[in-house]
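Scroll down for the structure; my scribbles are underneath it.
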Amino acid sequence: MTEQRILEGKLLIDGDWRAGGSGAELEARDPGNGDLIGTLARATTGDVDDAVAAAERARAEWAGLAANDRANYLSAAASALDDDADDWAKLMTTEMGKPFAEAKVECLRAGKILRFFAGEAHRPVGEHYSSDIAQTWLFTRREPVGVVGIITPWNFPAAIPAWKLAPALIFGNTVVAKLAEDAGLTGLRIARALVDAGLPPGVLNVVLGSGSEIGPHITEHPGIHALSFTGSTEVGHSILVSAAKGAKRVQLEMGGHNPVIVRSDADLDAAVAAVALGAFASAGQKCTATRRVYVHSSRYEDFVERLVEAAESTKVGHGLDEGTKMGPLVNEAQLQKVLDSLERTAKEGTVRTGGSRLTEGELARGNYIGPTVVTDLPHDAELACEEVFGPAVAVWPVANDDAAIDLANGTRYGLSAAIFTRDLNAARTFIDQIKAGIVHVNSQTAGADVHVPFGGTASSAYGPHEQGRSAMEFYTQEKTVYLDPSA
Ligand code: UN1
């Protein structure tokens, strides 16, 4: 098959689309079949400097606009992205593997996020108090932080850039965004939509390239005042150290190891469906994916049997093929990492289904792993504690709620958690006691409405949560004003 270069991802600096300073490029390959789909310009540290300088120059004018005028750019971009959703989703599928239906939902979600934050233009940005000084107006107001550095992952290449860029921009900041190299072409569409909507040069700058090459230059850059990152806990913690050195504000969304508790009174069909979706959608490559399930002993065998059935009936294939429910892993390195971990897992527990690479027919060309269900694992096994970013879930029987909650709280993470029960009091106890930033009762661990806070606790997050009104906390700083108009 002849390989065709079909797309060229350029850097966006000061309103210009340009190659990286060294002329180097990265290849974008379809993880479902290895085809070359395009190239990405690879930024140098000099390009990052140019991007920061452009963001600094654009800052005062952008911050000085009425928020409503800033909102207009977000709304216009949202409409353009909605119109383009089919094509955009197709690109996402071919660039990072997510099945088309999932990709399309995510593309539409990006538009929703832009619109929600456009709406922030008309919501309160401060509070009014009565002052202890007579005649004085005393109020707070939210002001931009300055130049914000944004570092996004490949697993939600439309939604995560949107939920960082949109609040950054609406609250008057300018941005240097580093999009993930495994999904840069998809992420660039948001930048393109904003530029086409007339966004002034320098307000949004995008660099591409490998995190290890330009990441530290961004996180340590003195011209960047705040950093928002989504990715692994290890990288997040190293960003925290460099942000601390520069006394920058920082927002980190990191790993998860999300548990589900299935009580004896649970609707088992709903629980199985939610666990299968939580574990295998996006091939388990979500920080909110379901990794562990604790099932009351009385329902354990039944649950495992049905989950294995669900895993085995999950159609794996290229994300553009009709009926595909699970696509490939994003790249060969991730594939290998997950396979190595599953090989170790097989020595510690019982792999009920999956656990290995799929190589039948066309699947041999991509990074496919079968949906995997594991039982009989020690609670301190790697798969039981560490975030293995693939389609694998472990299940254990538990004697009662206390034991289940204890085990559910047993990792260093605390992002999302779910319980399946019809007992409201049991649900309340779970909500009280579970170590998680997001709690679900009778729904899957993944997913996030745009208008409520999203974020974890413990090693899953640091700093203010994202989305909803929480986003304002990170993307603005408060000023307290005493104003005596009578003097
Ligand atoms: C979702 O569950 O829909 O990187 C969103 C991630 C999370 C986003 C999850 N920050 O997987």
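Structure notes:
- Cβ-derived FRET efficiency at R0 60 Å, Ala346 paired with Ala67, nearest 0.05: 0.65
- For Asp182, net neighbour charge (Lys/Arg +1, Asp/Glu -1) across residues whose Cβ lies under 12 Å away: -3
- Tensor-based shape of segment 324-483 (alpha-carbon gyration tensor, a/c under 1.5 rounded, otherwise prolate or oblate): oblate
- Pairwise centroid distance, computed over Cα atoms, of segment 160-174 with segment 430-487, Å: 15
- Residue-wise HN-Hα coupling along segment 82-96, computed from phi with Karplus coefficients 6.51, -1.76, 1.60 (Hz; x: Gly, Pro): 4, 4, 9, 4, 5, 5, 5, 5, 5, 4, 4, 4, 6, 8, 10
- DSSP beta bridge pairing in the chain, given as percent antiparallel to the nearest 5: 40
- Built amide H within the under 5 Å cut-off of Val250, gap 5+: Leu227
- Annotation: amide H-H contacts under 5 Å for Asn258 (H modelled 1.01 Å from N, sequence separation of 5 or more, or interchain): Arg291, Arg292.
- Protein-only accessible surface order, largest first, of Arg18, Arg357 at 1.4 Å: Arg357, Arg18
- Between the alpha-carbon centres of segment 296-338 and segment 180-222 there is a gap of 33 Å.
- Listed values for segment 309-315 are Karplus-derived 3J(HN,Hα) couplings in whole Hz (6.51 cos²θ - 1.76 cosθ + 1.60, θ = phi - 60°), namely 4, 5, 4, 6, 9, 7, 6, and x replaces Gly and Pro.
- Ranking of Thr44, Thr359 by solvent-accessible surface, largest first: Thr359, Thr44 (1.4 Å probe, protein heavy atoms only, all chains present).
- Helices in the chain, meaning DSSP H runs of at least 4 residues, each add -39500 (n - 2.57). Divided by all residues, the mean residue ellipticity at 222 nm is -12500 deg cm²/dmol.
- Stretchable slack from Ser238 to Asp86, in nm (0.36 nm times residue separation minus alpha-carbon distance): 51.0 nm
- By a 1.4 Å probe calculation restricted to protein chains, Tyr73 has an accessible surface near 50 Å², given to the nearest 10.
- Three-way shape label, the chain, alpha-carbon gyration tensor, a/c 1.5: oblate
- Cross-link reach list, aspartates and glutamates versus Lys90, counting only Cα pairs under 13 Å and skipping chain neighbours closer than eight places: Asp30, Glu102, Glu106, Asp321, Glu322
- The string of couplings for segment 481-486 from the Karplus curve (6.51, -1.76, 1.60, θ = phi - 60°) is 10, 9, 10, 9, x, 8 Hz, one whole number per residue in order, with x for Gly and Pro.
- Annotation: amide H of Trp137 within the under-5 Å range of Leu483, Asp484, sequence separation 5 or more or interchain, hydrogens built in the peptide plane.
- Restraint check, Lys98/Lys164; Lys98/Lys248; Lys164/Lys245; Lys10/Lys479; Lys178/Lys248; Lys104/Lys248, Cα-Cα greater than 29 Å: Lys98/Lys248; Lys10/Lys479; Lys104/Lys248
- Exposure ranking of His122, His451 by accessible area [1.4 Å probe, largest first]: His122, His451
The values are calculated or read from the model by the stated rules, or taken from the named source; none is laboratory data. Quick caveat, the model's predicted, so the values are computed rather than measured. Please note: Cβ atoms are built from the backbone with ideal geometry, for glycine as well, and neighbour counts cover all protein chains shown. Ligands, DNA and RNA are stripped out before the accessible areas are found, and what is left, the full protein with its side chains, is counted by its heavy atoms. Shrake-Rupley method; radii C 1.70, N 1.55, O 1.52, S 1.80 Å.
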